[in-house]
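Undergrad: If you scroll down you'll find the structure; I have some questions about it.
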Amino acid sequence: MIARLFVVLLVALCTVSHAARAEPELTAAAETAVLPAPDADGFIALFNGHDLAGWTGLADYWSVKDGTISGHQIKETSKQTFLVLSALTVRDFELHFRYRFASPEGNSGIQFRSTVLDAQTYRVGGYQADFDAERQFDGTIYDEAGVAGNRGTMSNRGEKTMWDSENRRHVEPLGEDSSDLLAFIKVGDWNDAILVARGNHIAYSINGHIMTDLVDGSWAALQAGRLALQLHQGFTMDVRFKDLRIKLLN
């Protein structure tokens, strides 16, 4: 009886220990934080330059380096993981931010109107303003994890795209085509981006040039959700963000 009791206790302790190890170490608790008051132009600073207050993700993958948010990983342990702005849910907004890759490879993006799909890995799905170290996807809007109807790249660089109520795609060119716009995107240096979402209209600009324009009239259109920063699985990479600020339009 004593031996059996000992085995039961040992199994219970191992189960508790395994459960404790299974809980991911986070940058901050997934709870609402107090953001600063809007400035004179109505913009709220989303990053204080010192810590990740208001943001939640896996601590091994996100930190503050040299006054910037750094998302970093090596290929062997890489994940499709995100740093989520836990302090705010967004609907209509104007978001300004700067990004650069401190590595020769990598893929990232800004999620918006998005949802946390897995709280263990901090996997997120929804609309994404895409960018990568080789400038292949910069200036495009992507449906991450298929949450917005499994539509992949929803609007390409150099295109104005309209999705109708039957989920059909209609495309016309912008004033500057993809190759022209590519020349304005910097490699290894800071890019200034502006993302505006108002109703079903989304406009994405980089370095003062409209890269893509999307009108999403589909039944699968997303109305509200989280902002998040992406680390894409499969890369040894370091992506940096700073000067993130948002004006709520609703």
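Undergrad: Could you say which residue among R113, R157, R151 is closer than 12 Å to I206 by Cβ and either in contact (Cβ under 8 Å) with a residue 60 or more places away in the chain or not in a strand (DSSP E or B) (or both)?
TA: Being closer than 12 Å to I206 by Cβ and either in contact (Cβ under 8 Å) with a residue 60 or more places away in the chain or not in a strand (DSSP E or B) (or both) holds for just one of R113, R157, R151, which is R157.
Undergrad: Return the total of residues in the stretch 142-170 being more than 23 Å from the chain's Cα centre (by Cα) and exposed (fewer than 11 other Cβ atoms within 10 Å of the Cβ).
TA: Going through the stretch 142-170 one residue at a time, the tally reaches 3.
Undergrad: Given the conditions (1) at positive phi; (2) in contact with a Phe, Trp or Tyr (Cβ under 6 Å, 6 or more places away or on another chain), which single one is not true for V124?
TA: Of (1) at positive phi; (2) in contact with a Phe, Trp or Tyr (Cβ under 6 Å, 6 or more places away or on another chain), only one is false for V124: (1).
Undergrad: Can you pull out the residues in the stretch 68-103 that are closer than 24 Å to G234 by Cβ, in contact with a strand residue (DSSP E or B) (Cβ under 8 Å, 6 or more places away or on another chain) and in a loop (DSSP other than H, G, I, E, B)?
TA: Matches in the stretch 68-103: S78, K79, Q80, A102, S103.
Undergrad: While we're looking at this one, here's another question. Kindly indicate whether any position in the stretch 167-178 is of a type in the set (A, V, I, L, M) and within 24 Å of D216 (Cα to Cα).
TA: Looking through the stretch 167-178, at least one residue is of a type in the set (A, V, I, L, M) and within 24 Å of D216 (Cα to Cα).
Undergrad: May I pose another question? Which is free of Cβ contacts under 8 Å to residues at least 60 places away in the same chain, under 24 Å from G225 (Cβ atoms) and either touching a His at 6+ places or on another chain (Cβ under 6 Å) or among the aliphatic types (A, V, I, L, M) (or both), of L58, L52, L46?
TA: L52
Undergrad: Take G49 and tell me if it is farther than 24 Å from D132 by Cβ and either modelled with pLDDT of 95 or more or surrounded by fewer than 15 Cβ atoms within 10 Å (Cβ to Cβ) (or both).
TA: yes
Undergrad: I would also like to ask the following. So in the stretch 53-67, with the set limited to residues that are part of a loop (DSSP other than H, G, I, E, B) and modelled with pLDDT of 95 or more, which one is surrounded by the most Cβ atoms within 10 Å (Cβ to Cβ)?
TA: For the stretch 53-67, the residue satisfying everything is G57.
Undergrad: If you don't mind, another one. For the stretch 192-226, give me each residue that is in a loop (DSSP other than H, G, I, E, B) and closer than 18 Å to E176 by Cβ.
TA: Within the stretch 192-226, N207, G208 qualify.
Undergrad: Do we have F101 as closer than 23 Å to L181 by Cβ, surrounded by 24 or more Cβ atoms within 10 Å (Cβ to Cβ) and either without any contact (Cβ under 8 Å) to a residue 24 or more places away in the chain or not acidic (D, E) (or both) here?
TA: Here the answer is yes, as F101 does meet what is asked.
Undergrad: For the stretch 116-148, what are the residues that are at pLDDT 95 or above, among the aliphatic types (A, V, I, L, M) and part of a loop (DSSP other than H, G, I, E, B)?
TA: A133, A145, V147, A148
The values are calculated or read from the model by the stated rules, or taken from the named source; none is laboratory data. Quick caveat, the model's predicted, so the values are computed rather than measured. We place every Cβ from the backbone using ideal geometry, glycine too, and count neighbours over all the protein chains shown.
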